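Everything below concerns the one structure shown next.
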Amino acid sequence: MLLFLLLVSCQSGPPKTPGEFRPADLVELVKLDPTLRLDIRYATTNNFMHRPVYRQARAFLQRPAAEALVRANESLRPRGYGLLVFDGYRPWSVTKAFWDAATREQRDIGFVANPMEGSKHNRGCAVDLTLAELATGREVTMPSAYDEFSERAFSNYQGGSPESRRLRELLRSAMETEGFNVLKEEWWHFDYKDWRQYQILNVPFEWL
């Protein structure tokens, strides 16, 4: 275990992933659908790192994932809700910073991705999000807060209010219909089905 941790701490760049991949085509979400709401926590101090790790409050996904997200957003409108995005594509260097800052327990549970493997965020195929009320613009109440490292964050957690669980399932249903799968440890995290087709990236937002 000590050798493993030393290897991770010494890693200076993304892991090399063998195979053939589709060319990256990262799309800025609000340019594809201006009705998507953003709350990019990692561009602020309101996150588990307590400091900004992004210089710009922007969100990107690979084009097929972004188009699927737009469809999910549209499907929620008749129910009175829209999507509120916390994070999308994440440069590998940020994943490395998260791992370095995490506790052993947070790593073991799976709340942060191992940089030696990279994350689906690094491939532009994962998104963190919740619901917002269309009438008020307010973020809804879910069983846990975003980036809350507790059992309440699990997608199958049976506590909390019935209404919060109903909204969590509404979000999950809309996302799964469009080809996303929820992460069991985080109700807000969804992976797009074709994530294996894209390489791990370390491109800063400023270059996109």
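Could you please find all residues in the stretch 7-34 being farther than 26 Å from PHE149 by Cβ, touching a Lys or Arg at 6+ places or on another chain (Cβ under 8 Å) and in a loop (DSSP other than H, G, I, E, B)?
ASP25
Those residues that are open to solvent by less than 40 Å² (accessible area, probe 1.4 Å) and of a type outside the set (Asp, Glu), I need them from the stretch 143-167; list them, please.
Correct list: PRO143, SER144, TYR146, SER150, ALA153, SER155, GLY159, SER164, LEU167.
Taking TYR42 as the residue in question, decide whether it is buried (at least 19 other Cβ atoms within 10 Å of the Cβ), among the hydroxyl-bearing types (Ser, Thr, Tyr) and in a helix (DSSP H, G or I).
Values: buried (at least 19 other Cβ atoms within 10 Å of the Cβ): yes; among the hydroxyl-bearing types (Ser, Thr, Tyr): yes; in a helix (DSSP H, G or I): yes.
Judged against the criteria, TYR42 is a match.
Among what's in the stretch 168-182 and is open to solvent by less than 60 Å² (accessible area, probe 1.4 Å) and touching a residue at least 40 places away in the same chain (Cβ under 8 Å), pick the residue that is farthest from ARG71 (Cα to Cα).
Among residues in the stretch 168-182 that are open to solvent by less than 60 Å² (accessible area, probe 1.4 Å) and touching a residue at least 40 places away in the same chain (Cβ under 8 Å), the one farthest from ARG71 (Cα to Cα) is LEU170.
Out of curiosity, is VAL53 touching a residue at least 40 places away in the same chain (Cβ under 8 Å), closer than 21 Å to LEU167 by Cβ and surrounded by 15 or more Cβ atoms within 10 Å (Cβ to Cβ)? Before the answer, list the steps.
Values: touching a residue at least 40 places away in the same chain (Cβ under 8 Å): yes; closer than 21 Å to LEU167 by Cβ: no; surrounded by 15 or more Cβ atoms within 10 Å (Cβ to Cβ): yes.
No.
Between a residue in the stretch 81-106 that is in contact (Cβ under 8 Å) with a residue 12 or more places away in the chain and any residue that is open to solvent by less than 10 Å² (accessible area, probe 1.4 Å) and acidic (Asp, Glu), which pairs come within a Cβ distance under 7 Å, given they are 6 or more apart or on different chains?
PHE86/ASP128; ASP87/ASP128
Kindly establish whether ARG71 is charged (D, E, K, R) and modelled with pLDDT under 95.
no
How many residues are under 14 Å from the mean Cα position of the chain (by Cα), part of a loop (DSSP other than H, G, I, E, B) and in contact (Cβ under 8 Å) with a residue 12 or more places away in the chain if we restrict to the stretch 143-154?
Total satisfying the criteria: 2.
The values are calculated or read from the model by the stated rules, or taken from the named source; none is laboratory data. Note that the structure is predicted; figures quoted are calculated from it, not measured. Ideal geometry is used to build each Cβ from the backbone, glycine not excepted, and the neighbour counts take in all protein chains shown. For the accessible areas, the whole protein counts, side chains as well, though only heavy atoms, and no ligand, DNA or RNA atoms are used. Shrake-Rupley method; radii C 1.70, N 1.55, O 1.52, S 1.80 Å.
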